[in-house]
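Have a look at the structure below before the remarks.
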Amino acid sequence: MSYRAHRYPTVFPIELKCGGSTQKGHITNIAPSGAGVFDVQGLEIGDEVVLSCSAGNFAGTVRWADDDQCGIIFKQKLGPRQMEQLRHAPTTTGHVLHRHTHAFTELR
């Protein structure tokens, strides 16, 4: 039995590039091997994408897609510094963006 890597909840703004198009979205959870993304449309399993944000550009492949959400597996695992940046939502006007979820808070 194999276990997937721990996912950290976040709401981090990104630009997702696929083919010739770019759209804005948010990372909803992050792990060194991949990310959950929401607010994106028209992606299919197997699409090659690039996530761009203040933490860098990350190439990956769409692993699953449903409505306005998808899961992306990165071509290269993220390092500790990148993970730390992506785990914490950037602030705008002093307020942290939060996505309402029904889950327990991370206690790591």
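The values are calculated or read from the model by the stated rules, or taken from the named source; none is laboratory data. What you see is a predicted model; the values in this text were computed from it and never measured. Methodologically, a virtual Cβ is constructed for each residue, glycine included, from the backbone with ideal geometry; neighbour enumeration extends over all protein chains shown.
Structure above, values below:
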item: Any chance Thr22 is at pLDDT 90 or above and not hydrophobic (A, V, I, L, M, F, W, C); result: yes
item: Residue match in the stretch 25-42 (condition: crowded, with 18+ Cβ neighbours inside 10 Å, within 10 Å of the chain's Cα centre (by Cα), within 17 Å of Glu84 (Cβ to Cβ) and of a type in the set (Ser, Thr, Tyr)); result: no
item: Tally of residues being polar (S, T, N, Q) and at pLDDT 90 or above across the stretch 1-19; result: 1
item: Residue list for the stretch 44-56, filter: part of a loop (DSSP other than H, G, I, E, B), in contact (Cβ under 8 Å) with a residue 24 or more places away in the chain and either more than 16 Å from Lys75 (Cβ to Cβ) or within 14 Å of the chain's Cα centre (by Cα) (or both); result: Ser54, Ala55
item: Qualifying positions in the stretch 16-33 - part of a loop (DSSP other than H, G, I, E, B) and closer than 16 Å to Gly56 by Cβ; result: Pro32, Ser33
item: Meets criteria (modelled with pLDDT under 95 and among the small types (Gly, Ala, Ser)) for Gly34; result: no
item: The lone exception for Tyr3 - which of (1) assigned to a loop (DSSP other than H, G, I, E, B); (2) touching a residue at least 12 places away in the same chain (Cβ under 8 Å) it fails; result: (2)
item: Positions within the stretch 6-15 being assigned to a strand (DSSP E or B) and closer than 19 Å to Met83 by Cβ, in sequence order; result: Tyr8, Pro9, Thr10, Val11, Phe12, Pro13, Ile14
item: Matching residues in the stretch 43-60 - criterion: being of a type in the set (D, E, K, R) and surrounded by fewer than 16 Cβ atoms within 10 Å (Cβ to Cβ); result: Glu44, Glu48
